[in-house]
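Below is one structure, written out as structure tokens; the observations come after it.
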Amino acid sequence: MTSYWNDVLAALALYPARPEIEALPLRSTAFATLYGVRLTSLGPYRLFGYLSIPAGAGPFPAIYYPPKYQSVLEIIPQGTANLMRSRYVTFALAGRGQRNADTPYAALFPGLLTDGIDDAASYVFRGIVADSVRGLEFLRSRREVDAARVVLAGNDIALMTAALTTGATHVVTTPTLFYQTAELAPKSHAYPLEEINDYLHLYPARAEAVRRTLAHYDLLGLAPRVTAATLLMAGAPSTLLDGAALRPLATALRGPVTVYESQQSLYKDGLYSERWMAGQCGIADVQSILPEHWRD
Amino acid sequence: MVNDRAEKYRSRVRKPDDFDAFWDHVLRQAAAIPLEAEVVPDPLRTSEDVEVFQVFYTSIDHVRVAAWYCRPARRAERTPAVMVLPGYQMDPPIPKEWARKGYVALSVAPRGKLRSNRQFNPGYPNLLTHNIVDRHTYAYRGFYVDTWRGIDFLLSRAEVESTRIGVTGSSQGGGLTITTAAMRPEVCAASAGAPYLCGFTDAIELTHTYPYEEINDYLRLHPERRAEVEETVAYFDGINFADRISCSIIVNIGLQDNVCPPETGYALFDRIGAANKRLYPYAGHGHDAGRARHSAVADAFFARHLLGREGSL
């Protein structure tokens, strides 16, 4: 691991998490209890997450949703059957800047991807990655969690977290932000990568500094540290991050890898991912925890 | 089979007798408030081909609403416009791609969204049930008006061809497209994808996913308030707005939509009053509502109705 990430983890370790956990009756059901969790990360910075614990005797498989690239923190991803909370412990974390963790720093979307990007030491994602690591540390500390079945599901941050700390047994990752970013951004007009283009258009003299920062975050550099079984969600064929583009990443991962190319259907893509996670976690009756309109 | 079942579904949604009177009163309240539009150039987001501005205007309850405004750097003196409306959880996008297609484009951040949340911020989850027992203060009363005021902003701009205004969005943006097309006769073309906020009381029985699940959460904790909740949402249901739509409109839905049930899409489409309407149901698709295939359809639809390119849809 590079000294950059060693320094981040060492700095994070200086701050205990000091979690506060409070039940949220409005979002609790007969099959799962929801809790709001506050905990400290690098900075120090106080974060917020939603922890859902199934009713009954555990331990349970767990799904950890690291910070997403959006302002809203979801309890579980939009469109996921609420009944999924009956079978998995779920923990969704707001990184610094997202809603519920936006004091004192409120992120802008678009805007977050380039906040401080010309200096790796102050780049905002240095803190967000640390936040994500702290979230996994917290989840692993819960006695309800089966340590042999811990899935990280998200974008690049999920894979980075699996690389930087122990505890992830499985990863579902959809690279979006930090795979060959400097090279791929100029080929796209779509946000969030367009943020890089906007930034360099206004500050062309900072291009080399941006490239240096992004090099620390490139998934290709972190992949050899990932031993978890990984489902790599690629874009549809002929898109910027399709299976062919991600092949070097798939090769660099040390654990078993499944590459899935998007069929440009949230139903087909989502169903594949849900079934993969259930299969890896030994949940036989996945039908019962799928959304109604996805069942056979 | 999914198609059959969804198409034959009978919606429970009923229009309150004073629905029009309620909204006419809200519109009068809104009309009394000056728009006070502010247009601020955004050099960070501007490029050679698209000029980008941050826009702010005042809406009902004197809430200040933000928006992104894009226009082609090279354009006619008066240019057709498209208003883009956001999903429930998404951060409103900068609509550069619409400017690149030749439109002036406005992407509204209704109250509670980032940059519009200083005076009103119930959060997510919560927006859907904020004051849901009272139609006069329910979150979506102001939220809807914020989007309709976007049309007032476009009409205030000299570069906008006021007879060629379109509106589009998906999910919540699809629902807001329905309500905007219904309430603003200046809209001449609308494209709604996977419309949310249509068939509230149907959806909470058909699916148990967020965001609709927020209402089930609320009713589980407060079962005694069900009648008040059902009374309120009837005033905000896109299905009850639909008969007021007279512009050309297309609607796309996914038959495996796990967020906005396709049953509600069919029920909505059935109630749309426009003579020129078309439904695009996509089998094998969920909440994307066939976006990858449908985007070309929507582009051709707007090219015909806003840019006057015959041969398009």
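Scan A:L253, A:L193, A:L232 and give me the residue that is aliphatic (A, V, I, L, M) and farther than 30 Å from A:R87 by Cβ. Don't jump to the end; show me each part of the working.
Details: A:L253 fails: farther than 30 Å from A:R87 by Cβ; A:L232 fails: farther than 30 Å from A:R87 by Cβ.
After ruling out the rest, the residue left standing is A:L193.
Which of (1) within 14 Å of chain A (Cβ to nearest Cβ); (2) within 30 Å of A:R99 (Cα to Cα); (3) more than 18 Å from the chain's Cα centre (by Cα); (4) touching a residue at least 24 places away in the same chain (Cβ under 8 Å) does B:Q89 not meet, given it meets every other one? If we test B:Q89 against (1) within 14 Å of chain A (Cβ to nearest Cβ); (2) within 30 Å of A:R99 (Cα to Cα); (3) more than 18 Å from the chain's Cα centre (by Cα); (4) touching a residue at least 24 places away in the same chain (Cβ under 8 Å), just (3) comes out false. From the list A:G243, A:G235, exactly one residue is farther than 27 Å from A:A62 by Cα and crowded, with 17+ Cβ neighbours inside 10 Å. Which is it? The conditions single out A:G243.
Is it the case, given these coordinates, that A:R46 is of a type in the set (K, R), away from chain B (no Cβ under 14 Å) and at positive phi? Judged against the criteria, A:R46 is not a match. When the range A:20-42 is filtered for residues that are touching a residue at least 40 places away in the same chain (Cβ under 8 Å), assigned to a loop (DSSP other than H, G, I, E, B) and buried (at least 17 other Cβ atoms within 10 Å of the Cβ), the ones remaining, listed by number, are A:T29, A:L42.
Name the single residue, out of those in the range B:41-60 being crowded, with 20+ Cβ neighbours inside 10 Å and among the charged types (D, E, K, R), that is nearest to A:P186 (Cα to Cα). Filtering the range B:41-60 for residues that are crowded, with 20+ Cβ neighbours inside 10 Å and among the charged types (D, E, K, R), the one nearest to A:P186 (Cα to Cα) comes out as B:R45. Scan the range B:156-174 and report the pairs whose first residue is free of Cβ contacts under 8 Å to residues at least 60 places away in the same chain and whose second residue is assigned to a strand (DSSP E or B) and hydrophobic (A, V, I, L, M, F, W, C), with Cβ atoms within less than 6 Å and a gap of 6+ or a chain change. Close Cβ pairs satisfying both conditions: none exist. Of everything listed in (1) under 20 Å from the mean Cα position of the chain (by Cα); (2) without any contact (Cβ under 8 Å) to a residue 40 or more places away in the chain, the single unmet condition for B:E224 is (1).
Take A:L240 and tell me if it is in a helix (DSSP H, G or I), farther than 19 Å from A:D119 by Cα, at pLDDT 95 or above and out of contact with any Cys (no Cβ under 6 Å at 6 or more places or on another chain). No: the conditions fail for A:L240. Note on the range B:251-303: residues that are within 11 Å of another protein chain (Cβ to nearest Cβ), farther than 21 Å from A:P77 by Cβ and of a type in the set (D, E) total 1.
Would a scan of the range B:121-139 turn up a residue that is assigned to a strand (DSSP E or B), surrounded by 19 or more Cβ atoms within 10 Å (Cβ to Cβ) and among the aliphatic types (A, V, I, L, M)? No, the conditions are met nowhere in the range B:121-139.
Name the single residue, out of those in the range B:35-70 being assigned to a loop (DSSP other than H, G, I, E, B) and touching a residue at least 40 places away in the same chain (Cβ under 8 Å), that is farthest from the other protein chains (Cβ to nearest Cβ).
First, the residues of the range B:35-70 that are assigned to a loop (DSSP other than H, G, I, E, B): B:35-37, B:42-49, B:59, B:63.
Now drop any that are not touching a residue at least 40 places away in the same chain (Cβ under 8 Å), which leaves B:35, B:37, B:45, B:47, B:49, B:59, B:63.
On the way: B:L35: 24, B:A37: 21, B:R45: 5, B:S47: 6, B:D49: 10, B:S59: 20, B:V63: 18 Å.
Looking at residues that are assigned to a loop (DSSP other than H, G, I, E, B) and touching a residue at least 40 places away in the same chain (Cβ under 8 Å), I get B:L35.
Filtering the range A:248-269 down to residues that are more than 14 Å from every other protein chain (Cβ to nearest Cβ) and assigned to a loop (DSSP other than H, G, I, E, B), which residue is nearest to B:L255 (Cα to Cα)?
Let us first name the residues in the range A:248-269 that are more than 14 Å from every other protein chain (Cβ to nearest Cβ), namely A:248-260.
Those still in the list that are assigned to a loop (DSSP other than H, G, I, E, B) too: A:253-256.
On the way: A:L253: 36, A:R254: 39, A:G255: 36, A:P256: 34 Å.
Among those that are more than 14 Å from every other protein chain (Cβ to nearest Cβ) and assigned to a loop (DSSP other than H, G, I, E, B), it is A:P256.
Evaluated against (1) closer than 27 Å to B:W23 by Cβ; (2) of a type in the set (G, A, S); (3) outside any helix (DSSP H, G or I), B:A227 falls short on exactly one condition, (3). Residues that are in contact with a helix residue (DSSP H, G or I) (Cβ under 7 Å, 6 or more places away or on another chain), part of a loop (DSSP other than H, G, I, E, B) and of a type in the set (S, T, N, Q) do not occur anywhere in the range A:147-155. In the range B:232-250, which residue that is farther than 18 Å from B:V187 by Cβ and in a loop (DSSP other than H, G, I, E, B) is farthest from the other protein chains (Cβ to nearest Cβ)? Filtering first and then ranking leaves B:Y235. Listed by first and then second residue, the pairs with beta-carbon distance under 8 Å, at least 6 apart or on different chains, first residue in the range A:281-296 and more than 11 Å from chain B (Cβ to nearest Cβ), second part of a loop (DSSP other than H, G, I, E, B) and buried (at least 19 other Cβ atoms within 10 Å of the Cβ), are A:C281/A:Y88; A:I283/A:R87. As a summary of the residue check, A:A81 satisfies the conditions (1) closer than 30 Å to B:G286 by Cβ; (2) out of contact with any helix residue (DSSP H, G or I) (no Cβ under 6 Å at 6 or more places or on another chain) except for the one numbered (2). Scoring A:Y272 on the criteria (1) away from chain B (no Cβ under 14 Å); (2) in a helix (DSSP H, G or I) leaves a single failure, condition (1).
The values are calculated or read from the model by the stated rules, or taken from the named source; none is laboratory data. Small disclaimer: the values here were computed from a predicted structure and weren't measured. Virtual Cβ from ideal backbone geometry, glycine too; neighbours counted across all protein chains shown.
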